[in-house]
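See below for the structure under consideration.
The values are calculated or read from the model by the stated rules, or taken from the named source; none is laboratory data. The model shown is predicted, which means the values in this text are computed figures rather than measured ones. Cβ coordinates were reconstructed from backbone atoms using ideal geometry, including for glycine residues, and neighbour counts include every protein chain displayed. These accessible areas exclude ligands, DNA and RNA; they are computed on the full protein's heavy atoms, side chains included. Shrake-Rupley method; radii C 1.70, N 1.55, O 1.52, S 1.80 Å.
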Amino acid sequence: MLRHVTQGLALGALLAVTAAAPAQAKTIKVAIGHQSMCTDTYTAGIVVKELKLLEKHLPKTGKYKDVDYDISWADYSSGGPITNQMMANKLNIGVMGDYPLIVNGAKFQATDSLRTYYVAGTGYNLKGSGNAIVVPVKSDLYKIGDLEGKEVSTPVGSAAWGMLLKAAQDNKIKFQLKNQSPAVGAANIAAGKIDAHSDFCPWSEIMEFRGTGRKIYDGSEAGVPYLHGVVVRKDLADDYPEVVQAFIKAVYDAGKWIKEDPIRATDLMEKWTGVEKEVLYIYFSKGGHLSLDPTIKPKWTEALKFDHTVLVREKAIPPLDFGDWITEKYIRAAYKDMGVDYDKDKAMIVDPAVANAGLPNEIWHARDGIKEYATLPEFLGAIASFRATGAKINSTYVYDKETGLKLFGKTAFWVVTPKGEFATFLRRGEAEKYASTIDGKVITFEDAIGMKSS
Amino acid sequence: MTAAARASRIKDAVTARPRLWLGIALGFPVAYYALMFAALVIRFQAWPNYAVTYDWFGNVAEIVRSTPSVSDMSAIIAQEWLFEVGRMNYDFGNGISEWSLNINPAKVLVVMVLAALIATITTLLLARRTQCSGARLNGAGAVGGLGAVLVGMTNVTLAWVVCCATPSWVVGLAILGLGVSSSLWLEQFGWWIEYAGFASLVLSLLWLSGPPKPAQAAKPSSYPQSAMGAPQ
């Protein structure tokens, strides 16, 4: 009514202004919205930006011979605002997590004339790890069932929110849900002002690394893959498909660059994002949470469809035609140009339980860098030796016996067997169960080190 | 009762107190945004530490250029901001905006219309206090007040950066303490609540601008006429 009248008046005036704009040389705008505080977006965000990988791949011949590119990057703390900016055409490429991606597609499809395409992934964790529920480090809560009736905060609308809802449904528990941004949630966990906080990557690990929080539920328990991806405005994709392909090539290159040398990558990414390199390492190292892979797998489509049903139940978002939204056209063309076998990559799915079996445990020595240890006794012995000499250790990494997920040594639950062997677990319940089957006992990280320092 | 007669009463009421009308029409939007700002500062116990001005005209021109459908265009323009003031949290990474107050010209326009309606109802209330019954004045005032609250509530432009949730009027409710589930549930009814608010304001205007009922105008006193010295 009134709103439409006022909007109409404003439009009329502005149409006149834009019609009078002078003609200029052809410039293609490539405006990307990314999230420097969401690790899973880095291969389509901060890495591409800082290494200028998009510039490397942008077409410069044929119809692009005399084109100028106007490349801009905008950093957001979440996917929602990126979608809004894409609608206003201030951005034409967006990088975000699964739930925000769905909102993006559905919101665009709810308009008469605008659409986005989901053109590529960035990375995933098959088990759903990346999202987690964290409690204050001194809390007496150890499993999701303990959250019954408690105050739990989460950034509503995020992937972590979706996971929290599913976890509550799966475990038939009810709690008081509070809407909390990641930074505020992390601060409240540090101050013990909230019983638990559910968040996306890398917030849970930031809290663990800083010693303020402890995971009691990992996204892997929800059993739904956690993934991030790239959405592109249809007008950019239709008018300049080679630009979209160039962006996908840049995403591929970014992943390759990280895999080549995770230490170098995390060191630089810490400078670019402010997130501690030790935290980033748990995502980007060999055996880390994140499998860098831009391909669009059928399993991802299934996961996104499932996520959409969660959102429909909770937020009444518009319907989403996945067939119109998800397209492999651009990524297939990009892979073909690069001479990479798309179908081979698409068929490959990394399961941490299998892929991480037998990987060495690691100590990040402040001076000497990452040191690898094949067994936990060797690993513990090395820590004890370093401590004895006063050497500084940045961080330590072990693997969850159940899921194969990489963990900080200090936050893992340790089980010692009667023979003096060790096993590490993400969750206390599984550690206790394992201990009872082998007549072992659950001990702390410090106890485990103590057993090797003599 | 013709619409012209009602309009004439409204016009008379406004022209009788032009300064009051103008004061409310201009002062209400200022007070409205000042109140939102104060609510943020009080709620979060902190002053803002950043402010950004946006190229609203440039952004709108870009939307017009790149959006084929006029109906899409208007909906997107309605989301454009002119100014943002808020608090950035630098504890993590490069900083995250925890909360902010946004000045959105489309919303400001709606608030100005709301202010004009409030000003008109106020002048009418004053102009007709001797002509209408207390019940009508109180009733119309209450209906108008309710309408003002509903319209004001649905045009809140506060943001509480909640990861992937976009700024919406219910963020204001969430910030002020309403449960998240209740806020999200209410979000879908935003348009209806706003329409109901404007309908209440218009109803209030119509009620106040109507003629005094003859029965009310000639309402007999509860005292015996003879006791008041009236002719028998």
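General remarks:
- Taking the criterion of being polar (S, T, N, Q) and out of contact with any helix residue (DSSP H, G or I) (no Cβ under 7 Å at 6 or more places or on another chain), the residues of region B:43-85 that qualify are B:Gln45, B:Asn49, B:Thr53, B:Asn59, B:Ser69, B:Ser71.
- When A:Glu205 is tested against (1) assigned to a strand (DSSP E or B); (2) away from every other protein chain (no Cβ under 11 Å), exactly one condition is not met: (1).
- Failed condition for B:Ile24, given (1) within 21 Å of B:Gly172 (Cβ to Cβ); (2) at pLDDT 95 or above; (3) surrounded by 14 or more Cβ atoms within 10 Å (Cβ to Cβ): (1)
- For region A:280-323, filtering for residues that are open to solvent by 40 Å² or more (accessible area, probe 1.4 Å) and within 30 Å of A:Lys371 (Cα to Cα) leaves 1.
- Residue in region A:410-419 that is open to solvent by 20 Å² or more (accessible area, probe 1.4 Å) and at positive phi present: no
- Residue that is surrounded by the fewest Cβ atoms within 10 Å (Cβ to Cβ), among those in region A:232-248 that are away from chain B (no Cβ under 13 Å) and not in a helix (DSSP H, G or I): A:Tyr240
- The residues of region A:92-130 that are β-branched (Val, Ile, Thr) and out of contact with any Ser or Thr (no Cβ under 9 Å at 6 or more places or on another chain), listed by number, are A:Ile93, A:Ile102.
- Filtered by the rule that a residue be touching a residue at least 60 places away in the same chain (Cβ under 8 Å) and either at positive phi or open to solvent by 60 Å² or more (accessible area, probe 1.4 Å) (or both), region A:52-74 gives a lone residue, A:Lys56.
- Some residue of region A:346-360 being part of a strand (DSSP E or B), modelled with pLDDT of 95 or more and open to solvent by 40 Å² or more (accessible area, probe 1.4 Å): no
- Qualifying position, being touching a residue at least 40 places away in the same chain (Cβ under 8 Å) and among the basic types (Lys, Arg), among A:Lys419, A:Lys401, A:Lys406: A:Lys406
- From the options A:Thr424, A:Thr396, A:Thr403, A:Thr375, residue that is open to solvent by less than 70 Å² (accessible area, probe 1.4 Å), farther than 22 Å from A:Ser291 by Cβ, touching a Lys or Arg at 6+ places or on another chain (Cβ under 9 Å) and not acidic (Asp, Glu): A:Thr396
- Of all residue pairs spaced 6 or more apart or on separate chains, those with beta-carbon atoms under 9 Å, a first member in region A:318-342 that is within 22 Å of A:Ile102 (Cα to Cα) and a second member that is open to solvent by 90 Å² or more (accessible area, probe 1.4 Å) are A:Leu320/A:Lys305; A:Phe322/A:Lys305.
- Residue list for region A:92-113, restricted to those being open to solvent by 10 Å² or more (accessible area, probe 1.4 Å) and of a type in the set (A, V, I, L, M): A:Val103, A:Ala110
- Only one entry in A:Thr301, A:Thr266 is free of Cβ contacts under 8 Å to residues at least 40 places away in the same chain, closer than 30 Å to A:Ile393 by Cβ and of a type in the set (Val, Ile, Thr), namely A:Thr266.
- Check on B:Leu40, part of a helix (DSSP H, G or I), touching a residue at least 24 places away in the same chain (Cβ under 8 Å) and open to solvent by 60 Å² or more (accessible area, probe 1.4 Å): no
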